Amino acid sequence: MSRSFGVVICSHNRLDYLKRTLEYFQDSKDVQDRDVQVVLADDKSTDGTIEWALHSGLFSGVFINPKGGSYCLNTIRNGGISMCSSEFVILLDCDCKPVDGFILGHDAVFDRFPKAISVGFTDLYDETGTKILSQDLRRKGLKGESVGGIGWANAYGGNIAFPICLWKAIGGFDEKFDGAWGFEDLDFAYRAHHHGYKCVCHRQTVVRHMRHPIRKDATASERVKGRNIKLFEKKHGIRF
């Protein structure tokens, strides 16, 4: 079965990393043999990303958050997905460079589980994406298998794939979660879970997350104790 994929790459002021990530879509045979469109979803970058993207010829669409600013991840996700004409979508952060077989692995998940969110693995690399620093610990759950289930609470959106019909059915990503880090992914996965979708991992769905400086206002306390966790708890009646 030949599936079409829209890859939505989310960015904000990381042009150098975005260019490295785009190398996969220019060079990989995994992409050339498939129906793949690449869309940039940008949170109104000010580092030249938008100007470069619009003139690069590398994207089938460029969504720019009209509000601007940062931490509007769900807004740009929804905007980017709305520009896709594909059957499936892959969400990818601009500092996460796929390895060969990345799309093949996501595609293989839907061969076995049509109602699934394919949750990819994210290994940490240095700034250039050439030296590995640590591996995604979720990989251990596969226990030697190529494909395995994973709980919705382990679904992170920097590398996930799903049918666009699911996105439409559950109302997309909740933009009330914009403004802080964390739990915007889990809200989507939790709602998908209650819509009959399971989270599944495939060994080949790997990206190299290139290490970069953390913004001064993106403190650990904001990520862990931010307002998004309170919103999630109130919305779903779950305590963390």
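The values are calculated or read from the model by the stated rules, or taken from the named source; none is laboratory data. Keep in mind it's a predicted model, so treat the numbers as computed, not measured. Neighbour counts run over all protein chains shown; Cβ positions are idealised from the backbone, glycine included.
Residue count for region 117-131 satisfying the condition of being touching an Asp or Glu at 6+ places or on another chain (Cβ under 6 Å) and over 19 Å from Lys198 (Cβ atoms): 2. Can you tell me which residues in region 130-154 are among the hydrophobic types (A, V, I, L, M, F, W, C), part of a helix (DSSP H, G or I) and within 19 Å of Leu91 (Cα to Cα)? If the condition is that a residue be among the hydrophobic types (A, V, I, L, M, F, W, C), part of a helix (DSSP H, G or I) and within 19 Å of Leu91 (Cα to Cα), then Trp152, Ala153 are the ones that fit. Filtering region 23-56 to residues that are basic (Lys, Arg) and either touching a His at 6+ places or on another chain (Cβ under 6 Å) or at negative phi (or both) leaves Lys29, Arg34. Filter region 174-194 down to the residues that are free of Cβ contacts under 8 Å to residues at least 24 places away in the same chain and surrounded by fewer than 19 Cβ atoms within 10 Å (Cβ to Cβ) and list them by number. Residue satisfying the conditions is His194 alone.
Strands (runs of 3 or more DSSP E) fully within region 87-129 that include at least 1 residues being buried (at least 17 other Cβ atoms within 10 Å of the Cβ) and of a type in the set (Phe, Trp, Tyr): 88-93, 121-125.
Checking the conditions here, which among Ser82, Ser28 is surrounded by fewer than 22 Cβ atoms within 10 Å (Cβ to Cβ) and out of contact with any Pro (no Cβ under 9 Å at 6 or more places or on another chain)? Just one listed residue meets the conditions, Ser82.
Of all residues in region 90-110, those satisfying the criterion of being more than 18 Å from Arg208 (Cβ to Cβ) and either modelled with pLDDT under 95 or in contact with a Phe, Trp or Tyr (Cβ under 9 Å, 6 or more places away or on another chain) (or both) are Asp107, Phe110. Within region 140-182, the set of residues being closer than 19 Å to Leu73 by Cβ, among the hydrophobic types (A, V, I, L, M, F, W, C) and at pLDDT 90 or above comprises Trp152, Ala153, Ala155, Ile160, Ala161, Phe162, Ile164, Leu166, Trp167, Ile170, Phe173, Phe177.
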